[in-house]
1. Name the single residue, out of those in the range 182-197 being of a type outside the set (S, T, N, Q) and open to solvent by less than 20 Å² (accessible area, probe 1.4 Å), that is farthest from the chain's Cα centre (by Cα).
2. Quick check on the range 68-78. Is at least one of its residues more than 20 Å from the chain's Cα centre (by Cα), of a type outside the set (A, V, I, L, M, F, W, C) and open to solvent by 60 Å² or more (accessible area, probe 1.4 Å)?
3. Quick one: which residue in Arg251, Arg228 is within 24 Å of Pro265 (Cβ to Cβ) and out of contact with any Leu (no Cβ under 8 Å at 6 or more places or on another chain)?
4. How do the strands (runs of 3 or more DSSP E) wholly within the range 22-108 filter down when requiring 1 or more residues that are in contact with a Phe, Trp or Tyr (Cβ under 7 Å, 6 or more places away or on another chain) and charged (D, E, K, R): which remain?
5. If I ask for residues that are of a type in the set (Asp, Glu) and out of contact with any strand residue (DSSP E or B) (no Cβ under 7 Å at 6 or more places or on another chain), which ones from the range 215-256 would you list?
6. Could you tell me how many of the residues in the range 198-229 are under 30 Å from the mean Cα position of the chain (by Cα) and basic (Lys, Arg)?
7. Only one residue in Leu157, Leu161, Leu125, Leu110 is in contact with a Cys (Cβ under 7 Å, 6 or more places away or on another chain) and under 25 Å from Lys267 (Cα atoms), so which one is that?
8. If the requirement is being touching a His at 6+ places or on another chain (Cβ under 7 Å), under 28 Å from Leu110 (Cβ atoms) and of a type in the set (A, V, I, L, M), which of these qualifies: Ala264, Ala270?
Amino acid sequence: MHADGIRLDEGFNGAQTSAMTYNRQGLKIELNASTEMGYIEDVMTHHPDRKKIVACHNFYPQKYTGLGLSHFGRCNEFIKKHGLTVAAFVSSRAKGAYGPWPVNEGLCTLEMHRGLPVDFQVRHLFAMGNVDDILIANAYASEEEMKACAGINPSVLTFGLCLEKKLTKTEQAVLDFSKGHVVRGDMSDYMLRSTWPRTVFAEDSIPPENTRNLVRGDVVILNDRYSRYKGELHIVLKDMPNDGRKNVIGRLPEYEQVLLDYAAPWKPFAFTVCG
């Protein structure tokens, strides 16, 4: 059959499953990561060959039946405690994409991902830091979707950004900062600060423009009025007034703002501009 492994959802106890991992054909044994943590615990107490055992979540063709984020996190934490790899599914939005059943409502693991861009789904799973492998569950993803997913660096927290103004050459250079944005180590409750760009663009002019008041999810660059801080890039975490020294260049769409929960001191981050 040219199979690489066998997926077990039910029907075997822990001892039987553990014994299967010693099969002579070298087949991987895949466990259901979405339910039955007691079953996985039972398997692990029977000393399986850990090189031959993996875990993978379900996908959910029916709307509103996908996993909640908290349950997903608990399952992954439990599985990672045992040193197993975890896989999860994301869903293409390509026209005509289909799954194994005659239901076309998306095919994702997390319900909150349903209907959202597939590259965001992938970026979110990577941001969580507890998913090893990501599979597109329905066929066929578009070339554009595949290219967007292939360009993601799993180690960098990447936000989708919708621009709100035409960027100057210097603003574009700050946004694309070649040395990479990093959350400042003394992290504020009000913003994520990338401060290195101010040392590179200190001599460049950033005229004040689009200096409206700030709300969570805004991305700003400090302008000429901010003296030595000019050129810093911030992502706003809490609403605050703008005294005219911060240019709002764009904002994260509402669904992207969940990624802010995974920011941490010294965490590298980047942007992908919304089409």
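1. Among residues in the range 182-197 that are of a type outside the set (S, T, N, Q) and open to solvent by less than 20 Å² (accessible area, probe 1.4 Å), the one farthest from the chain's Cα centre (by Cα) is Pro197.
2. No, the range 68-78 has no match at all.
3. Of the residues listed, the single one that is within 24 Å of Pro265 (Cβ to Cβ) and out of contact with any Leu (no Cβ under 8 Å at 6 or more places or on another chain) is Arg228.
4. Of the strands (runs of 3 or more DSSP E) lying wholly inside the range 22-108, none has at least 1 residues that are in contact with a Phe, Trp or Tyr (Cβ under 7 Å, 6 or more places away or on another chain) and charged (D, E, K, R).
5. Of everything in the range 215-256, those that are of a type in the set (Asp, Glu) and out of contact with any strand residue (DSSP E or B) (no Cβ under 7 Å at 6 or more places or on another chain) turn out to be Asp224, Asp243, Glu254.
6. Count: 3.
7. Leu161
8. Ala270
The values are calculated or read from the model by the stated rules, or taken from the named source; none is laboratory data. Remember, predicted model here, so these are calculated numbers, not experimental data. Quick reminder, even Gly has a Cβ in these numbers, built from the backbone with ideal geometry, and neighbours come from all protein chains shown. All accessible areas refer to the heavy atoms of the entire protein, side chains included, with ligands and DNA or RNA removed. Shrake-Rupley method; radii C 1.70, N 1.55, O 1.52, S 1.80 Å.
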